[in-house]
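Encoded as structure tokens, the structure appears first; notes follow it.
The values are calculated or read from the model by the stated rules, or taken from the named source; none is laboratory data. Keep in mind the model is a prediction, meaning the values are calculated, not measured. Cβ placement follows ideal geometry from the backbone for every residue including glycine, while neighbour counts extend to all protein chains displayed.
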């Protein structure tokens, strides 16, 4: 069976590859970004139902590479506390996602992208410092969201920063948590039959394109402002969220017109 990715025209294939590389850069700079940038690009090309399975494998690859770069700086205690409550919640969230129809998936992804902009700003403006019980509770809530949406990594950034993590310690711990999220989701999608060989090969190709972005991110971080990066990300995410929301709304309007 040929991969769905190789059936695309050469221009669209190039767009996917460049977008994945850019997503790897964004993820390598801030710990999130890949799951926010890629859905509006992949959905019309691969089908909205394939976005989460593909991203689970692709983001697993880029986060494994990022963890390999910074693993010696991992905060093991914080990671274990979060993961203990988060992994069962990711399973629950993914089960909810698998039960959704395609239009509902587009609404969930698009709505979360739009909400991530004000929510990210609000959380970044507050110093969130949680005790172990609070970290476990956050892990559970985050796990459900992570199981049903892409790009939820934006929510965990202020929590890790509030725990005193910065620089390489932040990147290592965020990567470890992201690995657990994406590995759990990929396992769930595989069990449900949503990771057929053609989808899996597409995910591997996209994941490989994200990996060099980690090296570029390390170079860019030394030379540019994170504020500028955040503003560019917000613009792209807003456009992507509107695009994803337009598809089910267009179907609804078409149905009303036909009726």
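Structural remarks
- A count restricted to the stretch 188-202 and to residues that are touching a helix residue (DSSP H, G or I) at 6+ places or on another chain (Cβ under 9 Å) and in a helix (DSSP H, G or I) stands at 8.
Matching residues to (1) under 22 Å from residue 12 (Cα atoms); (2) in contact with a strand residue (DSSP E or B) (Cβ under 8 Å, 6 or more places away or on another chain); (3) modelled with pLDDT of 90 or more:
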{"residue": "41", "(1), (2), (3)": "yes, no, no"}
{"residue": "45", "(1), (2), (3)": "yes, no, no"}
{"residue": "49", "(1), (2), (3)": "yes, no, no"}
{"residue": "52", "(1), (2), (3)": "yes, no, yes"}
{"residue": "57", "(1), (2), (3)": "yes, no, yes"}
{"residue": "60", "(1), (2), (3)": "no, no, yes"}
{"residue": "65", "(1), (2), (3)": "no, no, yes"}
{"residue": "71", "(1), (2), (3)": "no, no, yes"}
{"residue": "78", "(1), (2), (3)": "no, no, yes"}
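Here is a yes/no grid of residues against (1) closer than 29 Å to residue 98 by Cβ; (2) in a helix (DSSP H, G or I); (3) in contact with a strand residue (DSSP E or B) (Cβ under 8 Å, 6 or more places away or on another chain); (4) at pLDDT below 70:
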{"residue": "178", "(1), (2), (3), (4)": "yes, yes, no, no"}
{"residue": "218", "(1), (2), (3), (4)": "no, yes, no, no"}
{"residue": "234", "(1), (2), (3), (4)": "no, yes, no, yes"}
{"residue": "246", "(1), (2), (3), (4)": "yes, yes, no, no"}
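- Residues considered: 134, 164. Of these, the only one that is assigned to a helix (DSSP H, G or I), modelled with pLDDT under 85 and over 20 Å from the mean Cα position of the chain (by Cα) is 134.
- Residue in the stretch 34-44 that is more than 12 Å from the chain's Cα centre (by Cα), surrounded by fewer than 18 Cβ atoms within 10 Å (Cβ to Cβ) and within 21 Å of residue 141 (Cβ to Cβ) present: no
- Scanning the stretch 53-84 for residues that are buried (at least 19 other Cβ atoms within 10 Å of the Cβ) and farther than 15 Å from residue 31 by Cβ yields 53, 54, 55, 56, 57, 58, 61, 81, 83.
- Summed over the stretch 1-46, the residues that are more than 20 Å from residue 238 (Cα to Cα) and not in a helix (DSSP H, G or I) give a count of 5.
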